[in-house]
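What follows is one structure encoded as structure tokens, with my remarks underneath.
Any read-out appearing in this document is the output of simple, stated calculations on the displayed coordinates, not a laboratory observation. Note that this is a predicted model, so its numbers are computed, not measured. Every residue, glycine as well, gets a Cβ built from its backbone with ideal geometry; the counts of neighbours run over all protein chains shown.
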Amino acid sequence: MPEGTDEKLLLVLDEGTTSTRAMLFAADGTPVGSCSQPLTQAYPAPGRVEHDPREIWHRTLACAREMVEKAGGAGRIAAIGVTNQRETVVAWDTATGEPLANALVWQDRRTADFCETLRHKGYEDEVQARTGLVLDPYFSGTKMRWLVENEPAVAEAASAGRLALGTVESWLVFKLTGGEFLSDASNASRTMLLPLDGASFDQGLCDLFDVPHRALAQVVDNAGEFGTTLPELLGGRIAITGLAGDQQSATVGQGCLLPGQTKATYGTGAFVLSNKGHAIPKSSHRLLGTVLFQLAGKRTYALEGSVFVAGSLVQWLRDSLGLLGTAAETETLARSIEDSGGVVIVPALSGLGAPHWQPEARGVIAGLSFATGRAQIARAALEAMAHQTDDLARAFAADGAGWTSLKIDGGMSANDWMAQDIANVLDIPVERPDFVETTALGAAMLAGVGAGLYPGLEDAAAAMRGSVRQFMPDMADDVRSSRAAGWRNAVSAA
């Protein structure tokens with residue numbers, strides 16, 4: 001805690017895919033402390049990804065306790081903001097508060113066949129028109145159906161009226177408060193069960209996806225009063241006043257509060273969101289319409305492109321193939337050579353996301369030769385980030401939402417070589433904040449607004465956003481065109 005001040009702090013619980021953390025922020029956005037613990041990834045079969053909800057809860061709580069102690073006790077915390085991996089589904093018993101099965105993670109593809117069945121029956125246009133989403137196992141609704149149909153304990157709780165189906169923020173709030181069952185509008189809009197113009201989960205959509213409507217949470221704003229923590233958890237009651245899905249939170253943290261402002265987050269996956277104001281976004285190029293945030297019942301929307309594999313590609317090269325000692329090594333290797341030697345990686349390890357939406361696609365490493373080494377593969381992995389982003393940029397432009405600049409964040413964005421390559425391939429300026437953990441910062445902003453520390457998000461952004469670095473494009477047109485052609489050929493192979 002800053003010395004010599006009585007200023008209260010904001011505590012953010014940032015529950016991600018591979019780790020969970022707690023962070024403390026001062027009112028001016030200065031990070032005061034951070035605690036992180038890893039989360040175990042379970043892969044019970046190809047295309048299946050699971051988490052243990054108990055581990056999510058216990059490790060989040062442990063990090064929160066460490067930060068409360070650092071702050072000097074619960075009385076030093078003004079409010080809590082929660083941000084989370086989206087689309088991941090937890091099923092639990094509302095009577096016991098215990099999970100009934102492993103959580104199905106957003107990367108899980110086990111419901112691909114059901115999505116294809118609905119698509120063949122002609123439901124995709126209706127679903128996209130109402131929810132902004134395409135029929136894909138990425139989203140929460142079909143995961144909820146799978147749990148009810150395949151996990152006996154979940155089905156039994158549903159029959160008894162004790163079942164809760166929620167995304168991760170719902171699970172954490174329920175545990176923190178001892179029973180509040182809420183879902184913020186940004187997370188709720190990722191389920192395929194919430195109409196973009198609807199205040200609550202829709203019975204007709206629940207019927208389409210065979211999800212019990214009464215097992216779903218109350219949909220709430222992204223800033224407000226969402227309950228207080230049980231005193232025995234953190235040494236006192238602390239108000240929870242901010243909730244948001246991680247990508248929406250990062251968009252807020254980047255200060256993309258005006259229509260047209262666009263950010264890309266490079267974490268486990270890569271996610272681009274462009275603020276569309278109060279107009280419900282429409283896409284004819286397989287982008288997504290989503291709730292960016294909801295305040296006082298009024299929604300601001302975003303157009304989104306989602307890429308399933310970004311940082312997880314580097315993790316795979318490191319942990320599964322043993323080609324890297326650390327993720328940071330990719331930058332040194334990329335700089336050590338003039339080009340990738342014709343090597344192109346399409347990282348469709350969990351299928352292809354936007355704008356392709358090919359859940360059965362598989363990864364491709366093309367252009368291998370005896371001259372290929374670690375450096376070429378590492379560079380091609382980083383180049384894949386720029387090319388996946390460029391695919392999205394073309395789709396956004398075709399939907400009338402072209403980018404004039406791009407704000408980037410997330411763990412991978414700290415790689416200067418990659419940031420410059422994105423600017424080169426997109427041929428637009430790229431801006432990166434000095435503090436790249438904008439997901440947590442956005443949750444702090446929302447919590448501050450919900451706690452009354454700031455009159456609105458614009459005031460929070462003005463108070464909390466720091467300095468930035470800009471990367472300007474510097475690539476010859478013929479090199480850019482050659483790179484793009486090689487990428488398109490490799491995507492066709494995927």
Given a Förster radius of 25 Å and the C-beta distance between residue 45 and residue 159 as r, what FRET efficiency does 1/(1 + (r/R0)^6) yield to the nearest 0.05?
0.35
Quick one: length gained pulling residue 374 to residue 28 fully straight, 0.36 nm per residue minus the C-alpha distance?
120.3 nm
Please identify the cysteines of the chain that lack any partner cysteine with a Cβ under 4.7 Å from their own Cβ.
115, 206, 256
Fully extended, how many nm does the chain gain between residue 200 and residue 125 (0.36 nm per residue separation, minus their Cα-Cα distance)?
24.9 nm
Where the centre of each part is set by its Cα atoms, how far does the range 306-326 sit from the range 398-434, in angstrom?
20 Å
With θ set to phi - 60° and the Karplus curve 6.51 cos²θ - 1.76 cosθ + 1.60, what are the ³J(HN,Hα) couplings of the range 281-291 in order, to the nearest whole Hz, using x for Gly and Pro?
x, 10, 10, 10, 10, 6, 8, 10, x, 8, 7
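Express the relative contact order of the range 306-420 as a whole percentage, based on alpha carbon pairs under 8 Å and six or more residues apart in sequence.
28 percent
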Give me the number: length gained by fully extending residue 339 to residue 298, i.e. 0.36 nm times residue separation minus the C-alpha to C-alpha distance, one decimal in nm.
9.9 nm
Within the chain, which is the longest segment containing none of the GluC sites (Glu not before Pro) that sit in a DSSP loop and have at most 16 other Cβ atoms within 10 Å?
8-224
Tell me what the chain gives for mean residue ellipticity at 222 nm when only DSSP H runs of n ≥ 4 count, each as -39,500 (n - 2.57), the sum divided by the residue total, rounded to 500 deg cm²/dmol.
-10500 deg cm²/dmol
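How large is the charge dipole for the chain, taken about the Cα centre, if only the Cβ atoms of Lys, Arg (+1) and Asp, Glu (-1) carry charge, to the nearest 20 debye? It would help to have the intermediate numbers written out before the result.
On the way: 40 positive and 58 negative charges, 51 e Å.
Value, rounded to 20: 240 debye.
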Straight distance only, please: which lysines reach the Cα of residue 121 with their own Cα at less than 20 Å, same-chain residues fewer than 8 apart left out?
143
Under 19 Å from the Cα of residue 263 - lysines, other chains or at least 8 residues apart
276, 282, 407
Residue by residue, what Karplus-based ³J(HN,Hα) values in Hz, rounded to whole numbers, does the range 170-179 have, using 6.51, -1.76 and 1.60 with θ = phi - 60° and x for Gly and Pro?
4, 4, 5, 5, 4, 6, 5, 9, x, x
So for the pair residue 459, residue 36, with labels modelled 7 Å out along Cα→Cβ, what separation do we get in nm?
3.3 nm
